[in-house]
Amino acid sequence: MLLLFETPAGFALFKVLDEGKLSKVEDLGKEFSSPDSARKVVKLKAFSKFENTSEALESVTKIIDSSTSKGLRKFLRANCDGETLAVADSKLGNAIKDKLKIECVHNNAVMELMRGVRSQLTELISGLATQDLAPMSLGLSHSLSRYKLKFSPDKVDTMIIQAIGLLDDLDKELNTYAMRVREWYGWHFPELAKIVQDNILYARSVKLMGSRDNAAKLDFSEILPEEVEAELKEAAVISMGSDVSDVDLMNIKELCDQVLSLSEYRAQLYDYLKNRMNTIAPNLTALVGELVGARLIAHGGSLLNLAKQPGSTVQILGAEKALFRALKTKHATPKYGLLYHASLVGQAPPKMKGKMSRSLAAKAALTIRYDALGDGQDDSMGLENRLKLEARLRNLEGKELGRSAGSAKGKPKIEAYDKDRKKGAGGLITPAKTYNPSADAILGQTPNSTARKVEEEEPAKEAPVTGEEKKEKKKKKRSEEETAVPSDRNGTAEQDGEAKKEKKKKKKHQAESDGVQNDAENAAEGGRKKKKRKHAEAEEDDEHETPSKKKEKKKKKKTEG
């Protein structure tokens, strides 16, 4: 059996002299108590020295990643023919077995043997002094720490934080510049703002056209569709904008160049961000997208800090202000923050967005931890979780449809059409109550008499009622009320109410019939008023007469009597 041992100076290969001692792990440490006893257990067979610091750093980083460097493979091929190799890392042993077909061993006895060799390393390897080994270890550890610091996942995600911040700033600047171009050129050609809605196409059109007088001669087919181009040329002929000088147009074109260059740089930056996200956090990118994932990392500070957060915190990242305001005012806390912009939450119906964001946050927390701390570099976990969430979304939508069908357990239920059903997803509304004339209770009459009365009143509505007929009806009602015997004095309050309703209806019918008789009555009242006026005039004449005339009139009356 051979033992592979890594040192700052190079790789050492020891031959195990007595393999029987490996069976007693507890007593193995005593065998390395002195250099002489250690030489009886192991013996140096070969040593591969590192040529320079870069080779040492490359070899050590490969060993840490459980893989073999080119120098180590050459060294093992030359010295391990048909021997079993003892290694300190099982993953490294698997890599050696796959590539070099060398049988490897890793157990507690091998680890105890490594510990003993490390304690007597300077005695077992001739020419390697302790004063030389310490500076080598320190220099290699410094080089290794610099390398890990330079390429660690904790520090590479700072590029993502800077990129997403710059992308947001570029969007704001682009919007500001594009609005300035529209406002500036709008003095010359105001109709163009409504014809071309896109900011980039607007800037390209202005740069190509310059003055609106040139629109009819130019070809916009590479920039705009045919319909928009025709509309632009028509509007340029009848435009109501003011004329501008060549110097003004030159400055407007320079601003258009700035807008176009910023848009091109933004596209390049987005591609860079997309590639970095797929490299550093592939599973998170597959689940929520590049922009949302990058904003989550930027908000958390780093991928490792984000991995320490639970799913409930990931769910409301970006909504801290609303959260603390809700806690202060004792209102409902927010259901989502940055995750609201994820496609899965956007696809959900409004009532299901809270449930979907909670499920997405739980899966996103798992994918963030896998990206930050796991060994895999593929996006299989993120795609798998996305498929699960899409299935859950379909399930939630199906349940909602089942509830709207009117069943309590979510199963669709076929029901007969009912005109009183609401148009929405609610249940049945109570139908409007219709008036039941048979339930009326009138004193001294049976339901048959009331029915006859209604039949008698119907033809009366059609023909106009004269004054004499109206008087006769009133007399009949009075006689009926006087002769009527109360059928049920202890009747309920509902019957009294219904009787009042019936009386109100009859009063309405009488009012309608009275409208027909107004003319005749007005004429009769006019005659009466004339008589009263004559009578009043005669009385006034009597008052103005002298007392002697009054006495004469009285004497005449007496003589006549």
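The values are calculated or read from the model by the stated rules, or taken from the named source; none is laboratory data. What you see is a predicted model; the values in this text were computed from it and never measured. We place every Cβ from the backbone using ideal geometry, glycine too, and count neighbours over all the protein chains shown. SASA here: full protein model, heavy atoms, side chains in, ligands and nucleic acids out. Shrake-Rupley method; radii C 1.70, N 1.55, O 1.52, S 1.80 Å.
Measuring from a point 7 Å past the Cα of Asp98 along Cα-to-C-beta, which residues in segment 53-76 have an amide N at less than 17 Å? Correct set: 62-70, 73. Apolar share of the accessible surface for segment 227-377: 54 percent from carbon plus sulfur atoms, 1.4 Å probe. Shown is the FRET efficiency for Ser143 and Ala88, computed with R0 = 25 Å from the Cβ-Cβ distance and rounded to the nearest 0.05: 0.75. Residues within the reach of a label modelled at Lys328 (point 7 angstrom out along Cα to beta-carbon, backbone nitrogen below 14 Å), restricted to segment 297-319: there are none.
Accessible-area rank, largest first, for Lys330, Lys475: Lys330, Lys475, with all protein chains present and a 1.4 angstrom probe. In this rough spin-label picture, where each label sits 7 Å from Cα along the Cβ direction, the Leu373-Glu58 distance is 3.4 nm. A straight chain from Arg394 to Asp27 at 0.36 nm per residue would run longer than the Cα-Cα distance by 125.7 nm.
On a per residue basis, the convex hull of the C-alpha atoms belonging to segment 80-228 measures out at 285 Å³. The mean of 1/r over all distinct Cα pairs in segment 182-341, once inverted, gives the Kirkwood hydrodynamic radius of 19.6 Å. When both segment 88-119 and segment 190-236 are represented by their alpha-carbon centers, they are found 73 Å apart.
Largest accessible area first, the listed residues Glu222, Glu26 line up as Glu222, Glu26 when surface is computed with a 1.4 Å probe on the assembled protein chains.
With all protein chains in place and ligands, DNA and RNA left out, the 1.4 Å accessible area ranks Phe75, Phe324 as Phe324, Phe75, largest first.
Summarised in one figure, the compactness ratio Rg/Rh of segment 144-254, Cα atoms and Kirkwood Rh, is 1.28.
Highest mean packing first, where packing is the average number of other Cβ atoms within 10 Å per residue, the peptides 284-295, 102-113 line up as 284-295, 102-113.
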